[in-house]
Amino acid sequence: MRNSRSVRWLGAVVLALSGLACGEPQTDPDTLTVKTEDGTDLPLREATPELHARFKEGDALFDFTYNEADGLGPLYIRAACSSCHQAAAKGPGAVQKMAVVDADGVTSAEDQSALAWGHTVRPYKTAGATQTIGVPPGGANLKLSLRVGPAVFGRGYLEAIADSEIERMQAEQATRTDGIHGRINRVTYHSQPNPGQPFQAHQPGDTNLIGRFGVKARIASLDEFTADAMQGDMGITSPMRPGEPVNPDGLTDDGKPGVDVDLARVNAVADYMRLLEIPSRAAPGADGPRLFSEARCAVCHVPSLKTRGDYPFAPLAGRDAPVYSDLLLHDLGTGLADGMVDESATSREWRTAPLIGLRFFTTYLHDGRVKTIRDAILAHQGPGSEANDSVTRFQQLSAPEQTALLDFVSSL
Ligand code: HEC
Ligand code: HEC
């Protein structure tokens, strides 16, 4: 659901639809699409009428609230994508993570067996489940952390960026002498094949893909992320991710026998996110970009990277993607560490957050621990962080310069 104005009306539509089975998209996209006044949930400016229609179809499915008859559960965290990515922006829904850590309180422990049901709290049950997954009592040295649903707008640009650009960033940073040296999260494809995707042919077990999505860049493409989110956050299985996540009741299915949605539905939701525009940006003053660069923010938050020429959505092919991220993992030290390992990313490593539409957020950083951009910058500093020098440079700016930099970042 997008904004408070539309909540009641949309709620009524969702209720009316919730009794339907949903192997196929059942919603009439036109009835569900509400234009947000704030402009976080809009299609690419250069989208053709066909792409507009595709966008609307996926938008409705992104807002769809699943129930038991649709295959929700047996355990779940929230029942709609938009609960955690409201109006395609950040939150308010979040996921509670847990990890067993060594005595240092930071390093992920070798033995994670205390977490028999995985690293994710799944607080709600349906479809015959009797037990949820919570934080196990006592014993293990557990580190708890939160992940707030990141914004999904502008993610088509992230997917379209050429592999060679990300590799170039890694190579350039490797020669730096100031301690900033991001690295690619090389990831494995953990899904079944998706023949509906024209621009990739990943097979189960394919390795060496460039991770781009998730706060630790653990997944390479938007369709795989969609299937992963359906399965992991809602218990909605698909041909790409046909199994229910393990659960204490040992349930292997839910209120809807077999896989819950088809590939067409996964791809419609993925295409919606591919087609989401970057919210409009005011023309920057001269000082903001200069200070952003002088404080070395731009080393990690790279203003722009080139997209591949053969990306299937023409508006995103062969152009600049102004995403303010290098898509690399950086060690931000012990202060932000969460104990979690995602593919090759360690407890202390995070993907450079794309600086897109920040003025629409109410909290910042992966766990939403701070409420202002200034505090987000200060939180980059800590023992072992690659960003320490950058934060010091920010602190050394005069008050008006700091304001100019913060205004610039919030305008992105
Ligand atoms: C319970 C809350 C929740 C629900 C429901 C949810 N997400 Fe997310 N989403 C998150 C969190 C938390 C992350 C970061 C997870 C990570 O890094 O592993 C995330 C990350 C993402 C990303 C990656 C964004 C980026 O910046 O890399 C995409 C894309 C995404 N979700 C799409 C979806 C879709 C599609 C659905 C519905 C099928 C969905 N999510 C449902 C919480 C949620
Ligand atoms: C060494 C690389 C690096 C440098 C240098 C750096 N950042 Fe970041 N930045 C990151 C990473 C990684 C994250 C994600 C951290 C997290 O979510 O916990 C991030 C997150 C952020 C966020 C929060 C975004 C969100 O979605 O919540 C803001 C704002 C930000 N950086 C601004 C800046 C500014 C301004 C500077 C310069 C003063 C800067 N950063 C310097 C890597 C860097």
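The values are calculated or read from the model by the stated rules, or taken from the named source; none is laboratory data. As the structure is a prediction and not an experimental result, all values here were calculated from the model. No Cβ is skipped: glycine too gets one built from the backbone with ideal geometry, and neighbour counts run over all protein chains shown.
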Inspect the range 309-324 for any residue being within 11 Å of ligand 2 (Cβ to nearest atom) and touching a residue at least 40 places away in the same chain (Cβ under 8 Å) and give the result as yes or no. yes
Of (1) in contact with a Phe, Trp or Tyr (Cβ under 9 Å, 6 or more places away or on another chain); (2) assigned to a loop (DSSP other than H, G, I, E, B); (3) crowded, with 19+ Cβ neighbours inside 10 Å, residue 82 satisfies every one except (2)
Which numbered condition in (1) polar (S, T, N, Q); (2) surrounded by 16 or more Cβ atoms within 10 Å (Cβ to Cβ); (3) at pLDDT 95 or above is the only one that residue 197 fails? (3)
Any idea which of 286, 264, 317 is farther than 30 Å from residue 386 by Cβ, over 18 Å from the mean Cα position of the chain (by Cα), more than 16 Å from ligand 1 (Cβ to nearest atom) and of a type in the set (A, V, I, L, M)? 317
Please name all residue pairs, on different chains or six or more residues apart, with Cβ atoms under 8 Å, provided the first residue is in the range 47-58 and is surrounded by 14 or more Cβ atoms within 10 Å (Cβ to Cβ) and of a type outside the set (Lys, Arg) and the second residue is modelled with pLDDT under 95 and not in a helix (DSSP H, G or I). 57/25
Kindly indicate the residue of the range 396-408 that is in a helix (DSSP H, G or I) and more than 9 Å from ligand 2 (Cβ to nearest atom) and also surrounded by the fewest Cβ atoms within 10 Å (Cβ to Cβ) among those meeting that condition. 399
Checklist (1) crowded, with 20+ Cβ neighbours inside 10 Å; (2) in a strand (DSSP E or B) applied to residue 146, failing item: (1)
Just checking, how many residues over the range 373-412 are within 24 Å of the chain's Cα centre (by Cα) and among the polar types (S, T, N, Q)? 4
When the range 341-390 is checked residue by residue, the ones that are within 15 Å of ligand 1 (Cβ to nearest atom), part of a loop (DSSP other than H, G, I, E, B), under 29 Å from residue 41 (Cβ atoms) and of a type in the set (A, V, I, L, M) are 353, 355, 356, 365
Under the condition of being out of contact with any strand residue (DSSP E or B) (no Cβ under 7 Å at 6 or more places or on another chain) and not in a helix (DSSP H, G or I), which residue from the range 54-79 is nearest to residue 278 (Cα to Cα)? 64
Pairs where the first residue, in the range 215-242, is modelled with pLDDT of 95 or more and the second is within 7 Å of ligand 1 (Cβ to nearest atom) and of a type in the set (Asp, Glu), C-beta under 6 Å, 6+ apart: 216/342; 218/342
When residues of the range 174-212 are filtered for being of a type outside the set (Lys, Arg), touching a Leu at 6+ places or on another chain (Cβ under 7 Å) and within 16 Å of ligand 2 (Cβ to nearest atom), how many remain? 3
Within the range 138-163, which residues are within 12 Å of ligand 1 (Cβ to nearest atom) and among the polar types (S, T, N, Q)? 145
